[in-house]
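The structure appears right after this line, and notes come after that.
The values are calculated or read from the model by the stated rules, or taken from the named source; none is laboratory data. Note that the structure is a prediction, hence the values are computed from the model and not measured. Note that each Cβ is placed from the backbone with ideal geometry, even for glycine, and that neighbours are counted across all protein chains shown. Remember, those area values only see protein heavy atoms, side chains included, never the ligands or the DNA or RNA. Shrake-Rupley method; radii C 1.70, N 1.55, O 1.52, S 1.80 Å.
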Amino acid sequence: DTGVSQNPRHKITKRGQNVTFRCDPISEHNRLYWYRQTLGQGPEFLTYFQNEAQLEKSRLLSDRFSAERPKGSFSTLEIQRTEQGDSAMYLCASSLWTGKGDTQYFGPGTRLTVL
Amino acid sequence: AQSVTQLGSHVSVSEGALVLLRCNYSSSVPPYLFWYVQYPNQGLQLLLKYTSAATLVKGINGFEAEFKKSETSFHLTKPSAHMSDAAEYFCAVSGNSGGGADGLTFGKGTHLIIQP
């Protein structure tokens, strides 16, 4: 049973650079979520997809952030013109939505450090 | 709007003692409630979830939680702490009862310390 995988696990970049993260969900899960977690805080919801459709975006998702799930399988999260405040753990989760009460399974996260 | 409050950012118990981690929630719709555990530099692992069936929910690793609507609480307990329980614990609420926002809202977490 393969869980949610995320790549890379760590990313160090300089302020102003663009970065892209990838998430591979559990196969056959139709929902995919992105969260951001800063030090000492709980994860904060960013956005989610049902199949290839992006159904909701948090106000935390500024216009520098974009997420895609083109074929309803893996997803990418891109941050353009990174800022030091973007430094955080970016978590991906997937679930099988059947109408109510889906359980989200999390990946190991990608830790971003912006210098 | 939903919110979660976890009382106590750090809880310290002796090995073998009772573990009690507190969680209170607010939700405008009947909630789904979750407890997750996070070990250092890892993602979140589901411990248990409440979905309006039994109010006492049993999870993995000997943990359980009781949903109390009148107190808007979902506290996590374990009768006897083990050193391997040392981790960060997050309570979360989802309002996905068929529509609306479906992302989880998390509390700030409680760091559980186990004293030998």
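Results, tabulated for the structure shown:
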{"quantity": "Qualifying positions in segment A:96-109 - surrounded by 22 or more Cβ atoms within 10 Å (Cβ to Cβ) and among the polar types (S, T, N, Q)", "calculated": "A:104"}
{"quantity": "Any hit, segment A:3-12, residues being in contact with a Phe, Trp or Tyr (Cβ under 8 Å, 6 or more places away or on another chain) and modelled with pLDDT under 95", "calculated": "yes"}
{"quantity": "Check on residue B:68, touching a helix residue (DSSP H, G or I) at 6+ places or on another chain (Cβ under 7 Å) and either modelled with pLDDT of 95 or more or more than 14 Å from chain A (Cβ to nearest Cβ) (or both)", "calculated": "no"}
{"quantity": "Scope segment A:76-86; condition farther than 22 Å from residue A:31 by Cβ and either charged (D, E, K, R) or open to solvent by 40 Å² or more (accessible area, probe 1.4 Å) (or both); matching residues", "calculated": "A:80, A:81, A:83, A:84, A:85, A:86"}
{"quantity": "Among the residues listed as A:9, A:15, A:59, A:31, the single one being free of Cβ contacts under 8 Å to residues at least 40 places away in the same chain and surrounded by fewer than 21 Cβ atoms within 10 Å (Cβ to Cβ)", "calculated": "A:59"}
{"quantity": "Selection status of residue B:44, surrounded by 13 or more Cβ atoms within 10 Å (Cβ to Cβ), within 23 Å of residue A:4 (Cβ to Cβ), out of contact with any Leu (no Cβ under 8 Å at 6 or more places or on another chain) and within 14 Å of chain A (Cβ to nearest Cβ)", "calculated": "no"}
